[in-house]
Every structure is written in C-alpha cells, then in structure tokens.
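Data block below; observations after.
The values are calculated or read from the model by the stated rules, or taken from the named source; none is laboratory data. All of these numbers come straight from a predicted model, not from anything done at the bench. Here Cβ is always computed from backbone atoms with ideal geometry, including for glycine, and neighbour counts include all displayed protein chains. These accessible areas exclude ligands, DNA and RNA; they are computed on the full protein's heavy atoms, side chains included. Shrake-Rupley method; radii C 1.70, N 1.55, O 1.52, S 1.80 Å.
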Amino acid sequence: MTMTAILARVLRRELQLAYRRRADLVNPLLFFLIVVTLFPIGVTPDLDKLAEMAAGVLWVAALLANLLSLDLLFRSDFEDGSLEQLLLASTPPTLLVLCKVIAHWLVTGLPLTLLSPVLSVMLALPAGAVPLLMLTLALGTLTLSLIGGVGAALTVGLRKGGLLLTVLIMPMFVPVIIFGTAAVQAAGDGLPWAGQLALLAAMALGALVLTPLATVAALRIAVGD
Amino acid sequence: MMGYFDSLADFIAMGGHGLYVWLSYALGAGVFLFNLLSPRLIRKRLVTEHKRRLRREQA
Amino acid sequence: MSAVLTADRLYCERDERVLFEALSFQLDQGDILHLKGPNGSGKTTLLRRLVGLSHVVEGEVRWFPEDTETSVEPNEKIWYIAHRPAVTLLQSPLENLRYGLALHGHQVPSEHLWQALAQVGLRGFEDIPSHQLSAGQQRRVALARLFVSVPAVKAWVLDEPLTALDVQAVDLLKDRIRAFASDGGCVIMTSHHGIEGDQVRGLTLGVPA
Amino acid sequence: MWQTLVRWFHKWTSPKWFYTLSKPLSFWLGWAATLLLVTALVWGLMFAPIERLQGNSYRIIFLHVPAAFLSQAIYAAIAVMGLIGLVWRIKLSFYAAKQCIPVGISMAVLALATGAIWGKPTWGTWWEWDARLTSMLVLLLLYLGLWALHNAMERPESGDRAAAILALVGVVNLPIIKFSVEWWNTLHQPATLKITEPPPMHPMMLTPLLLSILGFFLATAAWVLIRTRLEILERERKANWAREELNQMGKVE
C-alpha cells in the first residue's frame, strides 16, 4: 500500500465515523447560530452598529464553536485503544494525525464557513465582505483545528479535559482572530485586505507543518501513562 | 535630605501621583513577599508529608 | 534462529513500589514468552514498554538486534494487541480489521478478511456495527488480525489475548500462536490461562523477593 | 579539558549535586539582588529627576519594566528547559522549568498591575487596550495554562512533558502574538502615548532602571534555585540522601 493510499484510508475512516456520529456534528453549528443570535439581543438590534461588529462576532462565535468540538478529536480513539495502534503504525504518526485534524476541519470548520454567509446577513455585514469572510474563516478554522489538536492531545487523558483545553489553547488563537477580523473589516470598508489574508495563509501553513509534531508528542504522553 | 524631593511630605505625595506610585510599589512588595514566603510554605508541606510517610512506614 | 528481542536491565516502579528490576531476557525466532504474575505486577506495563508506548520503564529494549537497518521500534514488524482492543464501535468488524491492517500499510484482499473473521467465529457479524457485538465478540474482532497472514510481521505482543473467549476459541487461538511461532515468529503474551508447547518459556513477575 | 567540562556538566544535572551546590549560590544571589534592588529603588524613587511629561508617576517604570522583561525571559527559559528535558531526558531541567512558572506568573501579574496603575495618571483610565498590556495579558494566560496543565496531570512526569510541549508551542507563538497585537493596536488606536518609551532617558533614570532589571534578574534566579531545590526533595524523596535531608528539616522545625 502506498503512503497516499494509507492516508486516504485513514481520512475515509474519519469521515465515515463523523457521518455515523452526525448528531454530534450539528452541535457546533447550532452553537454558532445561537451565539450569533444572542449578540443582537444582548448588545443592540441596530443594524448599523451590528454591521460594525459583525466580523468580530462571527469570528469569535466560530472560534468557540470550533473549540467546543475539539475535545472529541482524540477522545473516542483514546478510550477504545485505537490511539495506541495509531502511534504504533508503520506510517509516520504525524501524517496520520494530520489526516485526523483535516477530517475534523472538513466536518466542523468547513460547515461553519458554509453557514457563515447566512449569519452575516443577520448581522448586516456588508455584502462585499462575505466572500472574504468565507475565505478567512476557511483558512482560520483550519489553523484553529491544527493548534487545537495540540491542546486536544495534551488533555485527552484527563477526565475533565474540555475546559482545560480551552484555557490552554485560547491565547494561541489571538493572532488568527486578529488577522481574520481585520481582513473582513477591511474588505467591508473597501480597504486593501491582501496582507491580512497572506498572513492568515502563512499561519495556516506554519501550523500545518509544525503542530502535528507537537500533537504526536502530546499523544505519546497521554498514551504512555 | 530627601534626594530629589524637598520634604518627606513631598516625597509621599509624589507631585499628586503618590497613590499610583505607592500602590505600584506596594504590589511590588507583595510580589516579593509571595516569592519569599511561598517556598517556606512548600517546605513546611514537604516536612509534614515526610513525617506522615514515616509514621505510615513505622505502623 | 536469530534474536528478535533483547531486553536489558529493565526497571519499573509505580506508586512507590518496585514492580521489577534488573529484568533482562532475550527472545529468538520461534519463541513464545508467557508472562505470568498477579494483577498489578507490571505485565501490561512491560508489554507497553516493549512496543515503545510506555515511558515509565527504564532500561534498554532492542528489537531485531542483528538487523542493523531497523529503527528502535520497527513497528512494521510488530503487532501489538492491547487490553483495550482498539475496536471502534461505530465500525463493523470488517472495517475495523481493514483499518488496523492499513495502519501498518497492508492491503489484504477482502476474501482473506472475511476468512479471518469467520475463523474467529464472527461469521454473519462481519458488517454490522461493532457496538451490537458482545464483549467477547469485540475482542475477537481485534484478534482476527492474527488470523490474516502477513509475512512482514515477525513478532506479536499480546496482552491477555485469551480472556473473554470460550473454550473452543481459546484452543483455536493457542494453535494459531504456536503455528506462528513454528513459522519463525516470536510471541510475547500475558495470560491467566496457560499455554503449552515446547517453544513456550515462562517469566513470572511480582514474585516476592 | 573537555572531559572535565563534560563531567562538571553532568554533576550539575544530577539532582543531588545541584541540591548541594545551589545552596550557597542562592544565598549569595539573594543578597546581591537585595543590595541591587535597594540601591536601584531608593535611587529611582528619591534621586532620579522627575520626568517632563508624566511627572512622578513614571517612577513606576523601575518595577514595571523589570517585571515585564523578566516575565518574558522566564517564559522563554521554561521553553528552553522543557526542550532540554524532552531531548536529553534531564529531570532537573523539568523541575526547574516547573518552578519557574509561579515566579513567572508573579512577574506577569506585577507587570500587568503596574502597567494598569501607571495607565491611570497617563491615559486617564485603568485599562487601555495598549499593545504591550494586551500581549502581557496573553502571556499571563499562557502561564496560567501551563500551571493548570501541570496540576491536571496525575503523574508529575507526564505533567513535566506535557507542559514542556505546551511551552514550546507557546514560545513559537509568542512573537506572532506580539506582532499581531501590535499591528492590531496601531490599527485601532493610532495616537496613544506609549508609556514605556519615553524619549532618550537621562542617565540618572537609566542607571537605576538597569540596576533594577539586574536586581530582578538575580532575585528571580535565587527564587527559582530555592524552589527547584524543594521540587528536587519532593520528587527524589525516595533517594536516601533526600530522606536524610527531609529528616534534618523535620528536626529543625
């Protein structure tokens, strides 16, 4: 079996599992929807003011929704012992883990991205900024899943890992959220946004290369206990 | 006598900024105190735990 | 017969208690090592150290010491079946088996997989979700891997493979283990059952010093 | 020559030797730090001239800047020691890294609090989303995460390794965070008065500041040494020498 075939097999298994657990996958989306709904209620229904905050609200809500789903990334594999087998595979575990994270993005980050135009209308985000919102959310949620994977791996062996995961990982999301919202805001105001987008892409690439190493190292600790 | 300041009262007042300056320095003292005292507490805990272990071993 | 594994001066302590120390042994092709000892004597920990999962054990482990090309834990040559059987409940036995083999880079024709599942007594259960199976059947899903012949695999590390199996299945698996060893494989296993045979060597942990 | 150096290094990485040798070291470091800090702070509070724009409130700088500097340096040190621990499996490195965390937290808290207090007379508000304060806040959160992770792990050895990985990820992220926050800050508030960047400093101000930084540095070193010694005693408590030491400590009390 070639490496690509193995990785395709792993990706397929993850997507298959996600499909069979599809009820769990709806939760982050619902969460996203609810948080975005609460903002106008809690702050103001004034569309002009909402338009000003829209980018930030959508980004923060997407980040929280993503965090919510991260705890499950390795948990069931850890509990049934599949994680041990993953680390003992003859394929480099970094690549296998990367497959898992990408699968996670495909079933959370991507749906969040696809849902965002609808919510952006509710928050009166300027229509011109919507394509960029989707593009940055797609890139940003991928970075979030990659960094969050490290946190999920660090906390997988703990009984109450979910909250700790949030504490560990949230500060690392700061740059993503800054450049994500800035790009969308700039596009809404008709200002240049290519720089922010390039930085987001650079962060996604950096995370793609570096985080799987940390994730595997963290998983080895969790499994080695 | 008070260096840059004319009197003790002047020194305390810090040109109207006394509250901020002294609050900061009080916090600084607090942080130093924490760093000096917390090892003592750890030490005490270690000794207590050690004594408890000894008792358990003798039992 | 060439050496498969050397373990040198292994030492492990847990919760302020020494589980084993100065533990050294060598295993050759064709050997079956039966690890014995009461609960909590460190059998599982030792197995996990051998496959490179545990870092609570000190000492040196070398797989295939005569083979200079392989890495420290040459995963492609070793199968480890843990107490947690690594059976994903949302997947069918067939999917589980195929995935387990794929992780090691083996793609086996489907009919071999069906055959292996039939051999462990899962005929008719091949493609239903594993959560509908009993605990014993779930363990068999994990063990089915041992009934697929993959020549690249030279060593099995098995943690309590015989528990939760009925008498017939126990005999079948014992035969399979002996056959694998006779073909030049090496098996390290823990078990509260015994395993008989000329190749079997025993090692007991947790004997009061 | 090389051999002696290597042997010397190995001695220092052995917890027992470190325990014995660090004792006089922390003592002298502590006294040197005290001397430096008393000099620096008395100088800074009483003898340094007033700052033209900010008045006397600038005297907070003698605490704020050293604390900010140390909190960042300690985080970097934690990451480096974590890396050493992971790569060369030196337990001592993990012990020291763990005990750096509370000291680092205290420094970050001091830097944040003095920054906020300084902000009141300078900006007219206790909190401003200034780039330095914001990234200091993020740094504090990173520290708290490290500490929380240590406490959550059942086996301290796992906590050591997990925290080392987290610190490494954090230290890679830290420059990115700082850069992004600075960029964000200039985007949102172009005209704030930067508090820690007064025009070229008068030597009468700069000297006590440098002395204070050095004093903070030595004090931190002393505290970390003391705490690490206690960590060694706790972790190595089964070794005979550590038992003996604990017995002695028990008798003294």
Take the alpha carbon gyration tensor of the protein assembly as shown, find the square roots of its eigenvalues, order them as a ≥ b ≥ c, and report rounded if a/c is under 1.5; if not, report prolate when a/b exceeds b/c, else oblate.
-> oblate
Between C:Glu196 and B:Leu37, how many nm apart are label points set 7 Å from Cα along the C-beta direction?
-> 7.3
Taking R0 as 25 Å and r as the Cβ-Cβ distance between D:Leu210 and D:Arg7, the FRET efficiency 1/(1 + (r/R0)^6), rounded to the nearest 0.05, comes to 0.10
Using a 1.4 angstrom probe, figure out how much accessible area chain D has per residue, in square angstrom, rounded to the nearest whole.
-> 45
Once A and C are treated as a pair rather than alone, how much accessible area drops out, both sides summed, in Å² to 100, probe 1.4 Å?
-> 2700
Taking the dipole about the Cα centre of chain A, with the C-beta of Lys and Arg at +1 and of Asp and Glu at -1, give me whichever of A:Ala222, A:Thr4, A:Ala153 is farthest to the positive side.
-> A:Thr4
So what are the ³J(HN,Hα) numbers for segment C:180-186, from phi and the Karplus equation (6.51, -1.76, 1.60; θ = phi - 60°), rounded to whole Hz, Gly and Pro as x?
-> 4, 5, 4, 7, x, x, 9
Considering amide H positions built from the backbone, and no H for Pro or chain starts, which residues 5 or more places from C:Gly30, or on another chain, come under 5 Å of its amide H?
-> C:Gly184, C:Gly185, C:Cys186
Build a GNM of chain A with springs between Cα atoms under 10 Å: which of A:Asp24, A:Asp80, A:Asp48 gets the top mean-square fluctuation?
-> A:Asp80
For chain C, the accessible surface attributable to carbon and sulfur atoms (probe 1.4 angstrom, ligands and nucleic acids excluded) amounts in percent to 48
Lys, Arg +1 and Asp, Glu -1 on Cβ, resulting dipole of the protein assembly as shown about Cα centre, debye, nearest 20 | 1620
Total accessible area buried between chains D and A, 1.4 Å probe, in Å² to the nearest 100?
-> 2100
Residue by residue through segment A:102-112, which ³J(HN,Hα) values in whole Hz follow from phi under the Karplus form 6.51 cos²θ - 1.76 cosθ + 1.60 (θ = phi - 60°), with glycine and proline marked x?
-> 5, 4, 4, 5, 4, 9, 10, x, 5, x, 4
Built amide H within the under 5 Å cut-off of C:Leu5, gap 5+ = C:Leu27, C:Phe64
Residue span D:Arg155 to D:Thr34: 0.36 nm per residue of separation minus Cα-Cα distance leaves a gain in nm of 39.9 nm
Please build a GNM for chain D, connecting alpha carbons under 10 Å apart, and tell me which residue among D:Pro49, D:Pro66, D:Pro24 fluctuates the most.
-> D:Pro24
What is segment C:1-107 by shape, rounded, prolate or oblate, if you read a ≥ b ≥ c off the alpha carbon gyration tensor as root eigenvalues and call it rounded for a/c under 1.5, prolate for a/b larger than b/c, and oblate otherwise?
-> oblate
Which net charge results when you count Lys and Arg as +1 and Asp and Glu as -1 among the other residues whose beta-carbon is under 11 Å from that of A:Val43?
-> -1
Once exposed loop trypsin sites (Lys or Arg not before Pro) are cut out (DSSP; at most 13 other Cβ, 10 Å), longest piece of chain D | D:90-193
Select from B:Tyr25, B:Leu8, B:Leu36 the residue farthest towards the positive end of the dipole of segment B:8-58; place +1 on Cβ of Lys and Arg, -1 on Cβ of Asp and Glu, and compute about the Cα centre.
-> B:Leu36
So what is the calculated 222 nm ellipticity per residue for chain A, using -39500 (n - 2.57) for each DSSP H run with n of 4 or more, over all residues, to the nearest 500 deg cm²/dmol?
-> -27500 deg cm²/dmol
Hey, with R₀ at 25 Å, roughly what FRET efficiency would B:Arg52 and C:Leu203 work out to, going by the Cβ-Cβ distance, to 0.05?
-> 0.10
Please state the charge dipole magnitude for chain A, taken about the Cα centre, from unit charges on C-beta atoms (+1 on K and R, -1 on D and E), reported in debye and rounded to the nearest 20.
-> 520
Report the extension gain between D:Val252 and D:Leu187 in nm, rounded to one decimal, defined as 0.36 nm multiplied by the number of residues separating them, less their alpha carbon distance.
-> 17.4 nm
Exposure rule at most 11 other beta-carbon atoms within 10 Å, DSSP loop trypsin sites (Lys or Arg not before Pro): chain A longest free segment = A:1-158
Pairwise centroid distance, computed over Cα atoms, of segment D:116-180 with segment D:53-87, Å | 12
Checking C:Ala155, C:Ala169, C:Ala144 against a Gaussian network model of chain C (alpha-carbon springs below 10 Å), the top fluctuating residue turns out to be C:Ala169
With DSSP loop assignment and no more than 15 other C-beta atoms within 10 Å, the chymotrypsin sites (Phe, Trp or Tyr not before Pro) in segment D:124-156 are D:Trp126, D:Trp127, D:Trp129
Taking amide H positions as placed in the peptide plane 1.01 Å from N, state which residues far from C:Tyr80 in sequence (5 or more) or on other chains have amide H under 5 Å from it.
-> C:Val157
Helix-only CD estimate at 222 nm, as mean residue ellipticity for chain C, using -39500 (n - 2.57) per DSSP H run (n ≥ 4) | -8000 deg cm²/dmol
Kindly state, to the nearest 0.05, the FRET efficiency for C:Asp183 paired with C:His131, given R0 = 51 Å and r defined as their beta-carbon distance.
-> 0.90
Debye, to nearest 20: dipole size of segment C:79-152, +1 on Lys, Arg Cβ, -1 on Asp, Glu Cβ | 240
So what are the ³J(HN,Hα) numbers for segment B:27-35, from phi and the Karplus equation (6.51, -1.76, 1.60; θ = phi - 60°), rounded to whole Hz, Gly and Pro as x?
-> 4, x, 4, x, 5, 5, 4, 4, 5
